[in-house]
1. Kindly evaluate Leu32 against the criterion of being at pLDDT below 90 and among the hydrophobic types (A, V, I, L, M, F, W, C).
2. Could you tell me whether the stretch 12-19 includes any residue that is at pLDDT 90 or above, charged (D, E, K, R) and assigned by TED's automatic domain parsing to the domain that holds Arg121?
3. Can you give me the number of residues within the stretch 66-87 that are surrounded by fewer than 24 Cβ atoms within 10 Å (Cβ to Cβ) and either of a type in the set (Lys, Arg) or closer than 19 Å to Val27 by Cβ (or both)?
4. If you check Tyr199 against the conditions, is it at pLDDT 95 or above and not in a helix (DSSP H, G or I)?
5. Looking for whichever is at pLDDT 95 or above, closer than 23 Å to Met99 by Cβ and not assigned by TED's automatic domain parsing to the domain that holds Ile86 here; the options are Ile169, Ile216, Ile227. Which one fits?
6. Checking Pro82 against (1) part of a loop (DSSP other than H, G, I, E, B); (2) in contact (Cβ under 8 Å) with a residue 60 or more places away in the chain; (3) in contact with a strand residue (DSSP E or B) (Cβ under 9 Å, 6 or more places away or on another chain), which test does it fail?
7. Give the stretch 201-227 a look and list any residue that's within 15 Å of the chain's Cα centre (by Cα) and either without any contact (Cβ under 8 Å) to a residue 40 or more places away in the chain or over 11 Å from Glu170 (Cβ atoms) (or both), or say none.
8. If you take the residues of the stretch 142-171 that are touching a residue at least 40 places away in the same chain (Cβ under 8 Å) and either part of a loop (DSSP other than H, G, I, E, B) or among the small types (Gly, Ala, Ser) (or both), which of them is farthest from Ala129 (Cα to Cα)?
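The values are calculated or read from the model by the stated rules, or taken from the named source; none is laboratory data. Just so you know, these numbers come straight off a predicted model, no measurement behind them. Ideal geometry is used to build each Cβ from the backbone, glycine not excepted, and the neighbour counts take in all protein chains shown.
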Amino acid sequence: MVRKPQESSQVSARVLVVEDDETVSDVVGRYLSREGFGVEIVNEGRAAIERATQGFDLVILDIMLPGIDGLEVSRQLRAKTPVPIIMLTALGEESDRVMGLDLGADDYITKPFSPRELMARVRSVLRRASGPLSSAAASQEPMVAGDLVVDPTAHEVRLGDRLVMLTAIEFDLLSFLMRHPRQVFTREDLLERVWGYVYGDKSTVTVHVRRLREKIEEDPAQPMRVITVWGVGYRFDP
């Protein structure tokens, strides 16, 4: 079933809410609409997969859905589109959160959540997806490390002659690390400077680093570019 809450006259971005709990979806839809977002609501996974590729800027996706669950929806969406995904998870389901990130979600928020927190996460994810981390980054020349080339202006990554498909947050993470070669950052540093969160789950960084390595390292188990400095954090070796 597809529902469209009353929208603001000025729509800043289109958001697909995938949630089978009508109370939750109505609350989320109202707050998004109030903040100027165009909102469409679906209540099951198959409809989400069909609709998410139709020009949406963000998907807010509940894990617990009838039929195809949110984890499978995320996996299938990530194979089709780079649309950002925020997962809704129940408090305490750490394994589901990590699995959701592994399957391509950009962020997650745990239930129960405050509308203010949800809006902050939505704006943060959309801001990252809309372009480089800062206006200064847009004018930078491509960054080169061996056969790895990151072009901030084109928002494009190439490994040799192959185009590497990164999500917005993966691109921002790689760009940030490459701008600071051989400088070590803790997971807290990266959460604040890449994600924009003063507080957050550090496993978010761990999972995204792993995903990034799978795409740019010859052997992700023995990375040569994104290096773990044990007991400290991560650095980029050019």
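1. no
2. Yes.
3. 4
4. The answer is no for Tyr199.
5. One residue alone meets the criteria, Ile216.
6. Condition (3) is where Pro82 drops out.
7. Answer for the stretch 201-227, where residues must be within 15 Å of the chain's Cα centre (by Cα) and either without any contact (Cβ under 8 Å) to a residue 40 or more places away in the chain or over 11 Å from Glu170 (Cβ atoms) (or both): Asp201, Lys202, Ser203, Thr204, Val205, Thr206, Val209.
8. Gly146
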